Amino acid sequence: MGSGNKGIKKNTLYLRNTLSRRLDPFIPSDRKLVRMFTCGPSIYDRPHIGNYRAYIYEDILERYLNYLGYRVKRVINFTDVEDKSIARMEKQGASLAEVTEPNAALFRKEAHDLHIRLPAHIPRSSTTVDQAVELIQILLKKKFAYRHGRDIFYDPLKFEGFGKLFGLDMSRWPAQKRRFAKDTYPGQRWNLGDFILWHGCRRNWGDSVCWDTEIGKGRPAWNIQDPAMITAHL
């Protein structure tokens with residue numbers, strides 16, 4: 001090995017540590033089992049070549065972990081309930097399943113053609129609404145989240161250390177709440193920097209994308225769907 005690889009051990013997986021900005025050896029909390037979540041496709045449309053680049057990398061990572069002797073429990077998800085799939089439903093006059101299921105089937109076929117290994121079961125974001133609601137309730141109780149109208153938002157300034165992993169300059173966040181009109185929905189306002197956890201149900205949404213829950217009728221936003229998947233399956 002060259003001098004640039006000094007200290008690097010053979011047959012050891014090194015990953016870039018987002019917090020330290022270093023290449024650190026991978027040391028799992030369980031010596032034999034690695035739990036791995038990798039974000040899957042949004043199935044409002046067919047996957048493209050850029051999507052598959054990520055899934056090939058994830059497959060290689062899992063295979064290398066197997067090579068090192070680890071057993072891997074991997075979860076990948078389908079994002080079926082989100083703004084674009086709802087827009088397709090309205091445009092096509094179709095159900096959520098009619099919009100998303102053909103794309104899910106195509107993803108499995110093309111992944112097989114590319115020799116990408118996938119877990120046998122791929123859960124959908126629509127199947128973990130209860131877990132998302134539970135997480136949002138915890139965040140509301142701890143004052144990390146707040147209600148604004150029918151929606152629920154996360155306030156990054158309430159969590160000490162938020163932004164460290166990404167290297168965000170939190171001094172740029174407005175200390176006082178200032179509402180901005182630009183959002184997914186016309187007329188909806190939120191504070192710059194806060195992000196949405198729960199979309200309150202709109203009149204033009206069908207029952208297939210709205211759930212009656214303890215926090216109101218609506219659906220979980222992107223920002224809480226993956227944590228809900230991890231909580232439910234890992």
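The values are calculated or read from the model by the stated rules, or taken from the named source; none is laboratory data. All values reported here derive from a predicted model rather than from experimental measurement. FYI the Cβ positions are ideal-geometry reconstructions off the backbone, even for glycines, and counts take in every protein chain you see.
Looking only at residues that are within 19 Å of CYS201 (Cβ to Cβ) and in a loop (DSSP other than H, G, I, E, B) in the range 140-165, which one is modelled with the highest pLDDT?
It comes out as ARG150.
From LEU61, LEU23, LEU13, LEU65, grab the single residue that is under 20 Å from LEU165 (Cα atoms), touching a strand residue (DSSP E or B) at 6+ places or on another chain (Cβ under 8 Å), surrounded by 12 or more Cβ atoms within 10 Å (Cβ to Cβ) and not assigned by TED's automatic domain parsing to the domain that holds PHE166.
Checking each option against the conditions leaves just LEU23.
I'm trying to understand the selection: among the residues of the range 84-128, which are within 24 Å of HIS233 (Cβ to Cβ) and acidic (Asp, Glu)?
Of everything in the range 84-128, those that are within 24 Å of HIS233 (Cβ to Cβ) and acidic (Asp, Glu) turn out to be GLU101, GLU110.
Can you name every residue in the range 60-88 that is within 22 Å of GLN225 (Cα to Cα), free of Cβ contacts under 8 Å to residues at least 60 places away in the same chain and among the charged types (D, E, K, R)?
Answer for the range 60-88, where residues must be within 22 Å of GLN225 (Cα to Cα), free of Cβ contacts under 8 Å to residues at least 60 places away in the same chain and among the charged types (D, E, K, R): ARG74, ASP80, LYS84, ARG88.
When only residues in the range 89-114 that are free of Cβ contacts under 8 Å to residues at least 12 places away in the same chain and part of a loop (DSSP other than H, G, I, E, B) count, which is nearest to SER42 (Cα to Cα)?
ALA94
For the range 122-143: of the residues being at negative phi and over 19 Å from the mean Cα position of the chain (by Cα), which is surrounded by the most Cβ atoms within 10 Å (Cβ to Cβ)?
LEU140
Restricting to the range 60-85, name every residue that is of a type outside the set (Ser, Thr, Tyr), in a helix (DSSP H, G or I) and within 18 Å of the chain's Cα centre (by Cα).
Matches in the range 60-85: ASP83, LYS84.
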